[in-house]
Amino acid sequence: MPWFRKKRTGPIIQPARDVPDGLWAKCEACGEILYIKELARALWVCPKCGYHFRIGARDYVDILLDEGSFEELDVSVRSADPLTFFDSKNYTDRIKAAQEKTELNEAVICGIGEIESIPVSCSFMEFRFIGGSMGSALGEKITRAIERALERQIPLVIVSASGGARMQESILSLMQMAKTSTALTRLADAKLPFISVLTHPTTAGVMASYASLGDIIIAEPAALLGFAGPRVIQQTIGQELPEGFQSAEFFLEHGFVDLISVRGELKNNIATLLGYMYEPTSAK
């Protein structure tokens, strides 16, 4: 059994109070007390209200890709400390702590896999790794995933979850927005499909670059989307924001998101879309 099927990360949740740790979880939306094993079988979606718990990159690998089809690539690409950055602790210490916490070298897993037998170049972001922030290493891995799709003439699927650019790398982090967007231009010129999946949250530099450039943009229900947070925007413009502002549903209503998909239907929806959008080279 591959490593990504052995190690399910599960949701980023707090256990319900006054119950044994690790057995039960409390839904953040409706307050229902849920048995963890049943919640896992439901793909970490509350069976009562449909609330989607935040899950990790490995979970999306398991949910979206055909069993045994995933080949992880670019594992050795990891963050450096070009600015010798220090805030309350060294940046290198933050990276090390994130690596130990997630068992990943960087905030994204990239590779090749299949979705309903359709080959894809794919990337899955991990929010637990310094908030899924985009530094030079993450930008390089995403760019390589795009270039792999172009080289192999296959679709690209990216599942995003991010708080934005990584401040510890300053302008080097912001440069990844242009780098990944330029690579996607070449993919578009080759008429190869890119499906962008937005999960909770997808914001700031990631949202302002590759996450918003999909040919089809799919979001999970109630995901927080946008550039700056609602509080920052409200303070900046000095006005009350509309109800549900920056939710996936608000983005769908205003034409930025093409489809909201519950997690259990996400794989089938992507496969259906790729069936319309992609014709293998051998069949052309």
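Bear in mind that the values in this text are calculations on the coordinates, not laboratory data. Quantities reported herein were computed from a predicted structural model and do not represent experimental measurements. Reconstructed Cβ throughout: ideal geometry from the backbone, glycine too, with neighbour counts over all protein chains shown.
Laid out as a table, the results:
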| item | result |
| --- | --- |
| Antiparallel DSSP beta bridges within region 151-284, as percent of all bridges there, nearest 5 | 5 |
| Residue-span extension gain [residue 89 to residue 279] - 0.36 nm each, minus C-alpha spacing | 63.4 nm |
| Cα gyration tensor shape for region 154-284, rounded if a/c is under 1.5, else prolate or oblate | oblate |
| Given [x] 35, 20, 17; [y] 40, 25, 15; [z] 27, 24, 21, the label whose value is semi-axes √(5λ) of the Cα gyration tensor in Å derived from this model | [z] |
| For the chain, calculated [θ]222 nm from helices alone, where every DSSP H run of n ≥ 4 adds -39500 (n - 2.57) | -10500 deg cm²/dmol |
| FRET efficiency estimate (nearest 0.05) - Cβ-Cβ, residue 175 to residue 66, R0 25 angstrom | 0.10 |
| Beta bridges per DSSP with both ends in the chain, % antiparallel, nearest 5 | 50 |
| Cysteines without a disulfide-compatible partner [the chain; Cβ-Cβ under 4.7 Å] | 110, 122 |
| Cα-projected label distance for residue 239 with residue 28, points at 7 Å along beta-carbon direction, nm | 2.9 |
| Simple spin-label estimate for residue 42 and residue 231 in nanometres, 7 Å along Cα-Cβ | 3.0 |
| DSSP H segments from the chain that extend 20 Å or more along their own axis, Cα-based, with Kyte-Doolittle mean of -1.0 or above | 136-152, 170-189, 263-277 |
| Sequence-separation-based contact order of the chain, relative, with Cα cut under 8 Å and 6+ spacing, percent | 14 |
